[in-house]
Structures are given as C-alpha cells and as structure tokens.
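Colleague: Quick one: structure below, then a few questions.
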Amino acid sequence: MKMVREMIIQQKTKIARDTFEMLLRNEEIADQAKPGQFLHILIPGCTLRRPISIADVDRMQGTITILFKVSGEGTAQLAYFTEGMHLNVLGPQGKGFPLQIKENGSILLIGGGIGVPPIYFLAKNLASQNCNIHAVLGFQKKEYAFMRTNLRRFVKRMSLQMMALWVRKDL
C-alpha cells in the first residue's frame, strides 16, 4: 500500500510553453520509483489529486523530477508553487514499464507532449542495459517541445514531429 508522503520542491523551471519542470525531494519515494510510475499530487482546493508522471530519479540525491503542462485549474495552481514549498504526494503509483530487454537489443520509444517525460526515465534505464534506443517524439508546435537534448544522450536515433491535430466535430 502506498502512503501519503511530503515532498519538498527544490527547483521549478518553465521549460516550454505552459510546461514546467519540478525537482522534488523525498528519499523514500526516489528509492522506490521505477520508469512508468507516477505521483498523485494533492492540490489545495481541488477534490481530486493530479497524476503526474515521473520523468527522472536521482537516488543519490533523493530527488524526483516531474514535468507537467498547465491544462486546467489543478495544474495552473501547481504552477504557482515555489521552491521550498511542500507537496502532499501519494506514490510512487502504477506498475511501471517492463524492463526485460535483451542486451544489445533494440527498442522504439514513442511519446507525445506530456507523454514524453516517462520515456526519458525509461530511456535512461534502458541505456544502462546497453540497448539500442530509437525514439519518435511529437509536439503540437515547436514552442511546446522539450527534453530533446536530454533524450539525445541515450537515444541512438530520434525523430521529432511537430503536428497540429484537428478534431472533426461531426463524428
């Protein structure tokens, strides 16, 4: 059973349009976190917790990095949190990604928008297993793109796609 824990915001940075990166400290969560898991963050005044993917972990420092896009009331409030503030967090949650890849095997990682952060944590772990990693990333527009430079450290070949999506209302 996952317990409610407190995390301290050590750093907050705007990394793209409407997108923020937070470095959070809690040694117990950092020690347990696996690629593909997330944190459930309580935002004061909001009924439901916000699920935010874990983008990276530094076990030596006891920190976790999360990225989130402001897309509603809860994440808008989270964007106003500052360094030194405390977050009420439930996690890590979820089973995570399976990591049984053959040594020197190849894998294709695909993610778009706010789905890119968990791919970074996965790529970092797969690189330590000597995997050949290829990635396809998609973003709405160039100003929404992030983590490209970070991912290049682990990815053998990367494709970056900027795409606008239109939804037909008559369907």
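Colleague: Quick one: in the range 64-91, of everything that is more than 11 Å from residue 7 (Cα to Cα) and of a type in the set (A, V, I, L, M), which residue is surrounded by the fewest Cβ atoms within 10 Å (Cβ to Cβ)?
Modeller: Once the filter is applied, the top-ranked residue is 76.
Colleague: For the range 113-129, does any single residue satisfy the condition of being part of a strand (DSSP E or B) and at pLDDT 80 or above?
Modeller: Among the residues of the range 113-129, not one is part of a strand (DSSP E or B) and at pLDDT 80 or above, which makes the answer no.
Colleague: Name every residue in the range 65-101 that is under 21 Å from residue 127 (Cβ atoms) and of a type in the set (Phe, Trp, Tyr), in order of residue number.
Modeller: Matches in the range 65-101: 97 only.
Colleague: Does residue 75 fit the bill of being without any contact (Cβ under 8 Å) to a residue 40 or more places away in the chain, within 16 Å of residue 146 (Cα to Cα) and not charged (D, E, K, R)?
Modeller: It is false that residue 75 is without any contact (Cβ under 8 Å) to a residue 40 or more places away in the chain, within 16 Å of residue 146 (Cα to Cα) and not charged (D, E, K, R).
Colleague: Quick check: anything in the range 143-152 at pLDDT below 80 and over 19 Å from the mean Cα position of the chain (by Cα)?
Modeller: No.
Colleague: If you don't mind, there's one more thing I want to ask. Under the condition of being part of a strand (DSSP E or B) and either aliphatic (A, V, I, L, M) or within 25 Å of residue 103 (Cβ to Cβ) (or both), which residue from the range 130-142 is farthest from the chain's Cα centre (by Cα)?
Modeller: Within the range 130-142, the match that is farthest from the chain's Cα centre (by Cα) is 132.
Colleague: Testing residue 60 on (1) at pLDDT 95 or above; (2) crowded, with 19+ Cβ neighbours inside 10 Å, one condition comes back false. Which one is that?
Modeller: (2)
Colleague: Within the range 1-57, which strands (runs of 3 or more DSSP E) (wholly inside it) include 3 or more residues that are surrounded by fewer than 20 Cβ atoms within 10 Å (Cβ to Cβ) and charged (D, E, K, R)?
Modeller: Passing ranges, in order: 4-16.
Colleague: Of the numbered conditions (1) in a strand (DSSP E or B); (2) closer than 26 Å to residue 27 by Cβ; (3) not assigned by TED's automatic domain parsing to the domain that holds residue 18, residue 64 satisfies every one except a single condition; which is it?
Modeller: All conditions are met except number (3).
Colleague: Here are some residues: 107, 101. Which one is assigned to a strand (DSSP E or B) and without any contact (Cβ under 8 Å) to a residue 60 or more places away in the chain?
Modeller: 107
Colleague: Please go through the range 119-138 and give me each residue that is closer than 15 Å to residue 15 by Cβ and in contact (Cβ under 8 Å) with a residue 60 or more places away in the chain, ordered by number.
Modeller: 120, the sole residue that qualifies.
Colleague: Need pairs with beta-carbon distance below 9 Å; first residue among the hydroxyl-bearing types (Ser, Thr, Tyr) and within the range 9-28, second in a strand (DSSP E or B); sequence gap 6+ or separate chains.
Modeller: Between residues of the range 9-28 that are among the hydroxyl-bearing types (Ser, Thr, Tyr) and residues that are in a strand (DSSP E or B), the close pairs are 13/20; 13/21; 13/22; 13/23; 19/67; 19/68; 19/69.
The values are calculated or read from the model by the stated rules, or taken from the named source; none is laboratory data. Values in this document were obtained by computation on a predicted structure and should not be read as measured data. All Cβ positions, even for glycine, are placed from backbone atoms using ideal geometry, and neighbour counts span all protein chains on display.
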